[in-house]
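The values are calculated or read from the model by the stated rules, or taken from the named source; none is laboratory data. Remember, it's a predicted structure, so these values are computed and weren't measured experimentally. Positions of Cβ are generated from backbone atoms using ideal geometry, with glycine treated the same way; all protein chains shown enter the neighbour counts.
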Amino acid sequence: MNWLKRSLIAVYVIAILFLAKLVFSMAFNEYIVDRYKKGDYSVNATLLTYLNWPEPEVALYNNAQLYYRRCQYPEAIESYQQALDLNLAEGKDCDTRIGLALSMIMNLGDDYALIENIDNSIQVLEQARDILLANGCATDEDDGHHEEAQTLKNEIDKLIEELKQQQQEQQNQDQNQDQNQDQNQDQNQDQNQDQNQDQDQNQDQQQSQEDQKEQQLKDQLQENQGEAYQQRQQEQQQVDEWENEGGGGGSYGKIW
């Protein structure tokens, strides 16, 4: 009988500890949600990843949201990805994919549209796009089952197209510059053969023309980069407004 009593006591203790852990997890998560709604993103939900073992995706997603609000985009990306690795319900899966895609976009930085960064920016944007297309959250036919995911995917498509267009314009400018330089070199050779007496004067004129064209190309490039930066700022403002409204009135932008 003594062993039976000891066994029952052990079962009771385990049950009490389990209930205490469950109550604490629920209470702490409610505290995090309350602080988040009040605009306080300083709280850390990492503790719940160890305590909330029945629903670890809740802690991972909430922590990712907090990281995102604090502009800690690499950490947000990692937490969103860890949440996606779990078996998420349809709605939570799409919410998590939206958060991951947004974090990847924001992690590009304000210089994402500079010529030297465009290739990488397009690659990241296409990866973010693929994340939204997974599981039908968004589709190329514009009939994804998650409205916010579909809207974000369409915005990413526009941004990719703008970057590719800017890249093509720069390539055309570089090509025109090379052609102009070749033409100028040919002209210089002909003039040197026919008019040796005017060689110095012609070279100075050609050099001046090349300098003017080069300066025009530089000015155009700076103008394009300035326009791209302004576009980025407008897009950032739109993303912030869209997210602050709860993802267009949907489920994203909140925590679980």
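Of the set (1) modelled with pLDDT of 95 or more; (2) not in a helix (DSSP H, G or I), all apply to Gln123 but (2). Only one entry of Asp142, Asp130 meets the criterion of being in contact (Cβ under 8 Å) with a residue 12 or more places away in the chain and of a type in the set (Asp, Glu), and that entry is Asp142. Go through the range 82-125 and report how many residues are free of Cβ contacts under 8 Å to residues at least 12 places away in the same chain and surrounded by 17 or more Cβ atoms within 10 Å (Cβ to Cβ). The number of residues fulfilling the criteria is 0.
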